[in-house]
Amino acid sequence: MASVSRGRRLMGEINVVPYIDVMLVLLIIFMITAPLLTQGVKVDLPKAGAEPLDPKMLKDAIPLVLSVDRTGALYLNIGGGNPQAPLDADTVADRATTALRRNPELPVLVKADNHVEYGSVVRAMVILQKAGAKKVGFITDPLPDPKRRGH
C-alpha cells in the first residue's frame, strides 16, 4: 500500500540561517583579535627603499623585534609581561639572550622611530649583538611609489 502524504511536502531549500550565525560569530572573533596581533609599540618608521625580507626567513619563527620609541624607551615583542611596557637594557638583554640560545637562527630586527637619537639605536643594536644576534635588520616603511602620485 502506498502511503499518502497529508499536505506535507519535502522542503528542497537549504536553511542558511545557522551559517549566517556562525559567520557573524567568526566576524566578531576576528574583529576582537585583529588589534591584538600588532607587534610592539607604535613608532613613526623612517622611509627607505630597502628590499623586503625574504618570506622563507620568517616562515619558521616569529622574529625578535626590538622597538625604540621616540623617547628612546625599549620594547621587546617576546617574553613575559605587557609588550606595551618599556623595558630596561638588562631585561632586554636577558630576554634576547634566552630567545637566541633557544634558536640561534632567529631573525632579529630593530624597529626605531624616525625621530629617535642615533645613539639610542646604536645602544639597542649593541644589546642585541651582546645577546648573540649574528645579523640585525631594520624595519622601515617603503618609499612612496612615484607612479601612484598622480602627476
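Taken together, the values in this text are just the output of simple stated rules run on the coordinates, not laboratory data. Fair warning: this is a prediction, and the values are worked out from it, not measured in the lab.
What to note about this one:
- For region 47-142, the relative contact order comes to 35 percent (Cα pairs under 8 Å, sequence separation of at least 6).
- For region 47-142, fraction of C-alpha pairs farther apart than 16 Å, in %: 53
- Taking amide H positions as modeled 1.01 Å from N, with prolines and chain starts lacking one, the residues under 5 Å from Ala112 and 5 or more places away or on another chain are Val68, Ile139.
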